[in-house]
Amino acid sequence: MSAKIPVTVLGATGMVGQRLLTLLKDHPWFEVGLLAASERSAGKTYAEACGWRLGGDAHHGFGALPVLACDVDTLTKANGGPGIAISALDTGAALAMERPLAAAGWVVISNASAHRMDADVPLIIPEVNHDHLGLVSSQPGPGAVITNPNCTSMPVVIALKPLLDAVGIEAVTVASYQAVSGAGYPGESAWDMIGNVHPHGGDEEVKLGEEPRKMLGRLENGLVVPADFALSARCVRVSVADGHLVAIHVKTKTPISPADALKVMTSWDPGLNLPSAPTPILIHTPERDRPSPRFDLDRGRGMAITIGRVEACPVMGLKLFALSHNTIRGAAGGALLDAELWVRSKGLR
């Protein structure tokens, strides 16, 4: 029980993979096992394959490790059998790799969107819906696929959860202001971003419209019944390096004052005793020009959600801002927390 559990990182050379290695460096339960990436990186050392884009020491001490191909047989053999893999693969590679790994016995914790909305795959924020892990029992094969949500869904769901429990929710609208790191590297064109605000050209609004209702839904007869409120989203990319800010307007089933809503949110304690779980999870800033990425991004080691401007809305009833670190809480750190939840659920820690 004292030995650390090796974790294989899929897509280790990308931005989320790099961030994941920094979080695994001194983790109390896990250690870096295998590194895997595309065929063009396989056979190289991590330093040769990866252009390090984060601060601190280049490659965070993992530069000499070999990079393996994302191949089920190769990884299973190198690992001495199936294990735990955290996937930072893009959608196409995740579609090709994650289910086959699970069929071979691996537990795959995925940050990719490939399987988030599959009926038998849990879409997990541990503080919100840890019971949805039960979905894996309906997956074929000895392994499992567990997913982490879109980085913009993360602050929305965490901010809404205590309100949903306290007074119910009838409708939500969200407008996002998303950092360029969410697009990976090299990401958005400088021509699009400098001196500009760029409406998101991908399917971000679809994800943000679907994922929160799944996570805030209830598990019933082996399926998730989505939460019964409407959600409409608009997503915009802004010229900020890290940090997704969302403006949330909420119509609650039972009216609630801003003061009471703030008390409900800031007193919410999910009671999640896991290494990466922040306490508190929702932190309020009273200043009118906050939360903001420059000042609030790293609260709770980048795992907390900062809220502010909780005010009355003449249309919906309640409005607020919420901010999260998109590559930590919204990606690598969120997936790592899911891995901790899985290990705890199996009694391994």
Residues satisfying the stated conditions in the stretch 135-161, i.e. over 16 Å from the mean Cα position of the chain (by Cα), of a type outside the set (Val, Ile, Thr) and closer than 19 Å to ALA85 by Cα
LEU135, SER137, GLN139, PRO140, GLY141, PRO142, GLY143, ALA144
Scanning the stretch 124-143 for residues that are touching a residue at least 60 places away in the same chain (Cβ under 8 Å) and small (Gly, Ala, Ser), the one farthest from LEU336 (Cα to Cα) turns out to be SER138
Can you give me the number of residues within the stretch 210-225 that are touching a helix residue (DSSP H, G or I) at 6+ places or on another chain (Cβ under 7 Å) and surrounded by 18 or more Cβ atoms within 10 Å (Cβ to Cβ)?
5
Quick one: would you say PRO275 is under 20 Å from LYS161 (Cβ atoms) and in a loop (DSSP other than H, G, I, E, B)?
no
Just a yes or no: is a residue in the stretch 138-151 part of a helix (DSSP H, G or I) and either more than 28 Å from PRO270 (Cα to Cα) or of a type outside the set (Gly, Ala, Ser) (or both)?
no
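Give the residues of the stretch 166-178 that are open to solvent by 20 Å² or more (accessible area, probe 1.4 Å) and either under 17 Å from the mean Cα position of the chain (by Cα) or of a type outside the set (A, V, I, L, M) (or both), sorted by residue number.
Passing the criteria: GLU170, THR173, TYR177.
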I want to confirm something. Restricting to the stretch 184-209 and keeping residues that are in a helix (DSSP H, G or I) and among the hydrophobic types (A, V, I, L, M, F, W, C), which single residue is surrounded by the fewest Cβ atoms within 10 Å (Cβ to Cβ)?
TRP191
Count - residues of the stretch 1-14 that are at pLDDT 95 or above and over 18 Å from THR147 (Cβ atoms):
5
Qualifying residues in the stretch 43-71 (those that are at pLDDT 95 or above and of a type in the set (A, V, I, L, M)) - the one farthest from GLY11 (Cα to Cα):
ALA64
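Given the criterion touching a Ser or Thr at 6+ places or on another chain (Cβ under 6 Å), charged (D, E, K, R) and either free of Cβ contacts under 8 Å to residues at least 24 places away in the same chain or open to solvent by less than 50 Å² (accessible area, probe 1.4 Å) (or both), identify the matching residue among ASP228, ASP289, ASP242, ASP269. Full working, then the answer.
Values: ASP228 fails: touching a Ser or Thr at 6+ places or on another chain (Cβ under 6 Å); ASP289 fails: touching a Ser or Thr at 6+ places or on another chain (Cβ under 6 Å); ASP269 fails: touching a Ser or Thr at 6+ places or on another chain (Cβ under 6 Å).
Of ASP228, ASP289, ASP242, ASP269, the one residue that is touching a Ser or Thr at 6+ places or on another chain (Cβ under 6 Å), charged (D, E, K, R) and either free of Cβ contacts under 8 Å to residues at least 24 places away in the same chain or open to solvent by less than 50 Å² (accessible area, probe 1.4 Å) (or both) is ASP242.
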Please state which of the following conditions VAL121 fails to meet, knowing it meets all the rest: (1) in a loop (DSSP other than H, G, I, E, B); (2) within 16 Å of LEU341 (Cα to Cα); (3) touching an Asp or Glu at 6+ places or on another chain (Cβ under 8 Å); (4) not acidic (Asp, Glu).
(3)
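If you go through the stretch 32-47 one residue at a time, how many are surrounded by fewer than 14 Cβ atoms within 10 Å (Cβ to Cβ) and in contact with a strand residue (DSSP E or B) (Cβ under 9 Å, 6 or more places away or on another chain)?
2
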TYR185 - would you say it is at pLDDT below 95, of a type in the set (Phe, Trp, Tyr) and out of contact with any Cys (no Cβ under 6 Å at 6 or more places or on another chain)?
yes
Run down SER181, SER138 and say which single residue is of a type in the set (Ser, Thr, Tyr), open to solvent by 10 Å² or more (accessible area, probe 1.4 Å) and under 24 Å from ILE305 (Cα atoms).
SER181
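Residues checked against (1) surrounded by 23 or more Cβ atoms within 10 Å (Cβ to Cβ); (2) over 27 Å from ARG344 (Cα atoms):
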| site | (1), (2) |
| --- | --- |
| VAL9 | yes, no |
| GLN18 | yes, no |
| PRO28 | no, no |
| ALA49 | no, yes |
| ALA69 | no, yes |
| PRO82 | no, no |
| ALA88 | yes, no |
| LEU101 | yes, no |
| ILE109 | yes, no |
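The values are calculated or read from the model by the stated rules, or taken from the named source; none is laboratory data. Worth saying up front: this structure is predicted, and the values here are computed from it rather than measured. Backbone-built Cβ (ideal geometry, glycine too); neighbour counts: all protein chains shown. Areas reflect the complete protein model, heavy atoms only, side chains present, ligands, DNA and RNA absent. Shrake-Rupley method; radii C 1.70, N 1.55, O 1.52, S 1.80 Å.
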